[in-house]
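Asks: Pasting in a structure now, in structure tokens, and then I'll have a few things to ask.
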Amino acid sequence: MPKAPPPYPAEFREQAVRLALSSDKRTAEIAADLGISYETLRKWIKRHEVDGGNAPGVTSSERDELRRLRRENRILKEERDILRKAAADSGGRRNSGFREHSGWRPVPERLAGSGVELARDFVEVALREGVQVGALRQVLPQ
């Protein structure tokens, strides 16, 4: 869900910061004149100083990059967890749910020498050079 836009336009914030930095008035007085809280103006000034390199801290562009990287990291962790759970649910076997949902039947032992390898309880089809897919389909049980 996207964030709500800030209550004050960027132009207003920039003008308020410029006014506060160039004026002889106290920051609290300027904030009151502009109709904003002192704390709001103080944060805008601090952000301006950090972004300008005049104060230590994380700049706005660095903060945006951190936010993007954290979001990407969170998504990658979620994907990894889903894959781990799927691997754990299969009990160490590939295609464990395949049999129950597709009418799977074992391939006869006679295919072992014709480019089809039987391994554990699943079949890996290894097409050799010159073996056509149609030829394999003819010998697989229907």
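Asks: Straight-line reach only, C-alpha to C-alpha below 21 angstrom: list the lysines that K3 could link to, leaving out same-chain residues fewer than 8 apart.
Replies: K43
Asks: Could I ask something else about it? What share of all Cα pairs of the stretch 10-57, in percent, falls into each consecutive 10 Å distance bin?
Replies: Once binned at 10 Å, the Cα pair distances of the stretch 10-57 give 29, 57, 14.
Every number in this text was worked out from the coordinates using simple rules, so none of it is lab data. Please read all numbers here as calculations on a predicted model, not as lab measurements.
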